[in-house]
Every structure is written in C-alpha cells, then in structure tokens.
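Presented below is the structure to which this report refers.
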Amino acid sequence: MTEPRTTGATAAAEKKRPVWPWLLLAALIAAALLWWLIAALTGDDDDDADAGAATTTSIEETTVATETEITGTTTATATPTAAATATATATAPSGPATVPGGPGTVVVGGDVDALAPGAQLSGDAGEPVTGTAVAVAAVVADEAFYVGPEAGRTVLVRLQEFGGTDSPESPFQVETGDTVSFTGTLRQVDDAFLADLQLYDPSTQFQVGDFYVQADEITLME
C-alpha cells in the first residue's frame, strides 16, 4: 500500500493561503470602532447642547411665570383697594343735618334740639320750647309723658302741675305712640317735682338738676 504524500505540490499549496481577507476584515472592524467612537463623542455634545437649551427655556419660562404671578398679585391687590375706596365713598354720611324746628325736634331757645345726641341744656332753664311732630315714647302719669325717638334721647313733658289724686286732670289724653306738637318752657327738676313724679313712676331715673318741659299748649297730630 502506498503512504500519503506530505511533500510536493499539494503541501506547498496548503501552506501558501492568502492573508488579505484577514487584513480587510481587521480594517472594517477598525473603521466601525472609529465611527462608533466619533458618533459617541458627537452625541454627548449634542445632548449637552440640548440640556443647555432646555435649562435656558426652563429659566425663561420660570421668569415669565414669576412675572405673571407678580402682575396677578398686584392686580388682585389693587382691585379690592379700589372697591373699598368706592364703597367708602358711596357709604360716607351725606344726610342733611337736623334743622331746628323741623318734624321730630324739641327746640330750646330757638337753636338747641333737646333730642339731638349729646344735647347740652345747662343754662337753658327758663328758655321757650317748641316741640314739632314728636312721638310719645312712654306715658308715666296722667299729666306727664316722654317724647323722643329712642331710649337716651327723650324729654319729659308735663301738661300741668301734679295736684294729687283729687285734683282735676287736664282734658288732653296722651297714649304711647301718639305724635304731638307743643310749646312750653324748659324747667329744672327740683325736690318737689321729683317727689310728685315718683308717686306715679317710682322707677323714674330723674334726678334733681335734670330738665323737663312744662307745656303751655299741646296738639295731637293726626
């Protein structure tokens, strides 16, 4: 039997295989790595640029939003202030002052309304009094009653001197809620007047030195 030959043309052909395909493959791999590296570096720069743009946009949007909020706050503050000013102007007292001698007044000496808040009657005893269309607030005796709009703003009016239970009464009858007009004189409460009044109204708050009106004429208003 013949042994296989390991020399000659066949062996030489096997030993002389070309190497250029390997070189080409290596070149392609190197080119691919280089392209990937460039792409990676370029992508980072683009990402940084995009991030910077996003940050700038965010800051600008925040600035605009802040300015909008400030503007909104200023407007919201200004509007109620204007409304409050308008309300204050609209509700400012503008009614006319009470004219002495008009309806609902008890004028002493021609210029002082005894029913006005804080009216001072000191030194006016003996002055003439004119009551015009005033409401009867309470009747305390057959001959005496209070006139005025409310508690603390009333004046006692006496029709005639108290004469006791046996004395004749005045023909004029007054009831709470009536409206009357009268003339008379301002007088000061003394001990005798206070003692007589308390016979009819023990709870009276009158004191010596207070004032009342001694009526001369009185008219019941319809």
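Just so it is clear, none of the values below were taken in a lab; they were calculated from the coordinates. Computed from a predicted structure; not experimentally measured. Every residue, glycine among them, receives a Cβ derived from its backbone with ideal geometry; neighbour counts consider all protein chains shown.
State all residues of segment 178-202 that are among the hydroxyl-bearing types (Ser, Thr, Tyr) and either part of a loop (DSSP other than H, G, I, E, B) or touching a Leu at 6+ places or on another chain (Cβ under 8 Å) (or both); if no residue qualifies, say none. Show your work before the answer.
Taking segment 178-202 first, the residues among the hydroxyl-bearing types (Ser, Thr, Tyr) are 179, 181, 183, 185, 200.
THR179 - this is the single residue of segment 178-202 that is among the hydroxyl-bearing types (Ser, Thr, Tyr) and either part of a loop (DSSP other than H, G, I, E, B) or touching a Leu at 6+ places or on another chain (Cβ under 8 Å) (or both).
If TYR146 satisfies every condition in (1) over 16 Å from ALA215 (Cβ atoms); (2) without any contact (Cβ under 8 Å) to a residue 24 or more places away in the chain but one, which is the exception?
Here TYR146 meets the rest and fails (1).
Among (1) under 40 Å from the mean Cα position of the chain (by Cα); (2) over 19 Å from GLU175 (Cβ atoms); (3) part of a strand (DSSP E or B), there is one condition ALA116 misses while meeting the rest; what is its number?
That leaves (3) as the condition not met.
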